[in-house]
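In what follows, a structure is listed as structure tokens, so that the remarks can point back to it.
The values are calculated or read from the model by the stated rules, or taken from the named source; none is laboratory data. From a predicted model like this one, the values you see are computed outputs, not experimental measurements. To get the accessible areas, we keep the full protein, side chains included, count just its heavy atoms, and leave off ligands, DNA and RNA. Shrake-Rupley method; radii C 1.70, N 1.55, O 1.52, S 1.80 Å.
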Amino acid sequence: MNELPQQLVNGLLLGSMYGLVAIGYTMVYGIVQLINFAHGEIFMVGGFGALTMYLYVLPDGTSMWVALPLMLIGGVLVAVLVAVGAERFAYRPLRTAPRLAPLITAIGLSLALQQAVWAWYPNARSAITFPQIEGGPFQIGNVTIQTGDIFLLLAAPISMAILAYFVMKTRTGRGMQATAQDPDTAKLMGINTDRIIVVAFALGAAFAAVGSVAYGLKYGEVQFRMGFILGLKAFTAAVLGGIGNIYGAMLGGLVLGVAEALSTAYISDIPGMEQFGSQSWANVWAFVLLILVLLVRPQGLLGERVSDRA
């Protein structure tokens, strides 16, 4: 049990990253009822945007303490541009089409973004080393925190605070809430719903880019397939917390991350279950948790705030 504090911290860190990406899924779904399965690749291109800023824009030898804010800006810009372009040219023309059409489009866009990075980015066929922050690790009691995790510890709560303020206190945020509740009535009240949808895509992409920088700092690498599994887990977190609920997305991510960390740490200690506690089984336990929660509470932990407008 001495490992429990460490595993809880590991799970919370992992869950924070899932939650940052899950926010994009839940915001888009809450407003346009679209599951954007290309969002995992928005996460991926954000990481490559940050890496491009470091490798090709900043001078050689730039300290990571100086480079990190600029890398974050580069990653956010690339992710937002790709997400807004996807909304304008891939999703908007299909807004009144049957739901299957944008769903298939999202899957196709996901594959296209993967192949674009694979074809155009140098050495993208294998994992590319991501620059790391100097120093660390840090020891707090029985818990060890890696230097790269410091960014995530700061970025996740700050991002959630900014999002909460934006949604609750700004005019655009209130417009997003109105559009999510009833887009037709929102139009009659003078809200530009097209602009609101673009803002939702852009915000989701920005949080995904923050998560991708955290991923690179945590694991020390990025690669063109990294958005697939993490995107599925982030979608799982969004459903777990209650699809359409931005706070539920982060809660679902935290629950999923803790469950994954504890399962890989302790299941292998159970006699006869050794093979089920490996890292390769972490994805399986994540989806087992989702199934169990949905059997008990189909609307997710915090419930679904938006009604089905099919």
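Which value at 222 nm does the chain reach when only helices count, each DSSP H run of 4 or more adding -39,500 (n - 2.57), with the total divided by all residues and rounded to the nearest 500 deg cm²/dmol?
-22500 deg cm²/dmol
If you stretched the chain out fully between Phe89 and Ala101, how much longer would it get, using 0.36 nm times the residue separation minus the C-alpha to C-alpha distance?
Between Phe89 and Ala101, full extension yields 2.9 nm more.
Order Lys233, Lys218, Lys187 by their accessible area, 1.4 angstrom probe, all chains in place, largest first.
Lys187, Lys218, Lys233
On average, how much area does the Cα convex hull of the range 127-182 cover when viewed from any direction, in nm²?
Across all orientations, the range 127-182 yields a mean hull projection of 7.3 nm².
Please give the per residue accessible area of the range 150-223, computed with a probe of 1.4 Å over protein heavy atoms only, in Å².
Value for the range 150-223: 47 Å² per residue.
Measure off, as a whole percent, the carbon and sulfur share of the 1.4 Å-probe accessible area of the chain, all protein chains present.
67 percent
Within the chain, which whole H helices from DSSP have a Cα span along their axis of at least 24 Å and a mean Kyte-Doolittle hydropathy of 0.5 or more, if any?
Qualifying helices, which must be both long enough and hydrophobic enough, are 4-32, 64-86, 100-120, 147-169, 193-219, 246-266.
Report the gain in length on full extension from Arg125 to Leu301: 0.36 nm times residue separation, minus Cα-Cα distance, nm rounded to one decimal.
59.5 nm
Just to be sure I understand: with springs between alpha-carbon atoms less than 10 Å apart, which residue in Leu20, Leu68, Leu230 has the highest mean-square fluctuation in the Gaussian network model of the chain?
Leu68
Using a 1.4 Å probe, how large is the accessible area of Met17, given in Å² and rounded to the nearest 10?
0 Å²
Rounded to the nearest whole Å³, what is the per residue volume of the convex hull around the Cα atoms of the range 8-92?
Dividing the Cα hull volume of the range 8-92 by its residue count gives 106 Å³.
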